[in-house]
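Reviewing the structure listed below.
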Amino acid sequence: MRVLIIEDDEKTARAIASGLEAGGFSATTAHTGEEGFFLLNAEAFDLVVLDWMLPGRDGIEILKTLRARGSKTPVLLLTARDAVQDRVLGLESGADDYLVKPFAFAELLARIRSLLRRASPADALKKTVADLLVDLEARRVSRAGKPIELTPREFDLLAYLLRQSGQVVTREMLARDVWGEPNRITPLDNVIDVHIAHLRRKVDEGHASKLIHTVRGVGFVLREEARA
């Protein structure tokens, strides 16, 4: 699950992102309203954690624009405002839930999981490609009915390829969205290639139809081979 955190306090944003990633989520952070709004227009996220008070566009402005465009992405609004009228404004502007600062991370995580359950029926959290079944919530994988044991990183990598099923993803995308390290001085290409090789062996070995493919010079794609 991909979560976008739009929070101008970098320490708070890092703490939320770290906690979410430890809980199996992929977290992306933005520190201004403009940056967050750009990411929302450029990429797909399963949920947004949105601070109310932001430099540039504030959270309410972002929220209203999202809803006006028909976006159904769940939004959890964070704010230090705890008056009833502020809660009402946040919810009427399109927030799905509201959490007052300071908060316990356990409560934030529980609210995020609750929002995702409401937004995604159980069946929507189970994805298939050919005979590969991935349960995104339980983090279980099987192929042709046989369980596949993956490391946490391998699961995150497979889940990312699955969400982009049929589309080529680059190493830069994987470094940014799976590893969370877009600005490393030393590229992650070798690390990514090793993980892809391990994942391909676990998913494809012993099966006539291969699902994980390398697109030379571009990246990787998860798709069922076309039948002759």
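The values are calculated or read from the model by the stated rules, or taken from the named source; none is laboratory data. Quick caveat, the model's predicted, so the values are computed rather than measured. Using ideal geometry, Cβ is built from the backbone for each residue, glycine included, and neighbour counts are taken over all protein chains shown.
A compact table of results
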| read-out | value |
| --- | --- |
| Those strands (runs of 3 or more DSSP E) lying entirely in segment 74-162 with at least 3 residues among the hydrophobic types (A, V, I, L, M, F, W, C) | 75-79, 132-135 |
| Restricting segment 188-223 to residues that are in contact with a helix residue (DSSP H, G or I) (Cβ under 7 Å, 6 or more places away or on another chain) and more than 26 Å from residue 128 (Cβ to Cβ), the residue that is surrounded by the most Cβ atoms within 10 Å (Cβ to Cβ) | 188 |
| Condition check for residue 139: within 30 Å of residue 82 (Cα to Cα) and charged (D, E, K, R) | no |
| Filtered residue count, segment 214-228, keeping only those that are under 22 Å from the mean Cα position of the chain (by Cα) and free of Cβ contacts under 8 Å to residues at least 40 places away in the same chain | 0 |
| Single residue of segment 135-172 satisfying the filter (surrounded by 13 or more Cβ atoms within 10 Å (Cβ to Cβ) and β-branched (Val, Ile, Thr)) that is farthest from residue 28 (Cα to Cα) | 148 |
| Residue selected from segment 1-56 under the condition among the hydroxyl-bearing types (Ser, Thr, Tyr) and within 21 Å of residue 158 (Cβ to Cβ), by the criterion modelled with the highest pLDDT | 28 |
| One residue from 138, 159, 175 being within 17 Å of the chain's Cα centre (by Cα), closer than 17 Å to residue 214 by Cβ and small (Gly, Ala, Ser) | 175 |
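For (1) in the same structural domain as residue 63 (by TED's automatic domain parsing); (2) out of contact with any Asp or Glu (no Cβ under 8 Å at 6 or more places or on another chain), each residue gets a yes or a no:
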{"residue": "89", "(1), (2)": "yes, yes"}
{"residue": "97", "(1), (2)": "yes, yes"}
{"residue": "108", "(1), (2)": "yes, yes"}
{"residue": "111", "(1), (2)": "yes, no"}
{"residue": "136", "(1), (2)": "no, yes"}
{"residue": "142", "(1), (2)": "no, yes"}
{"residue": "147", "(1), (2)": "no, yes"}
{"residue": "151", "(1), (2)": "no, yes"}
{"residue": "161", "(1), (2)": "no, yes"}
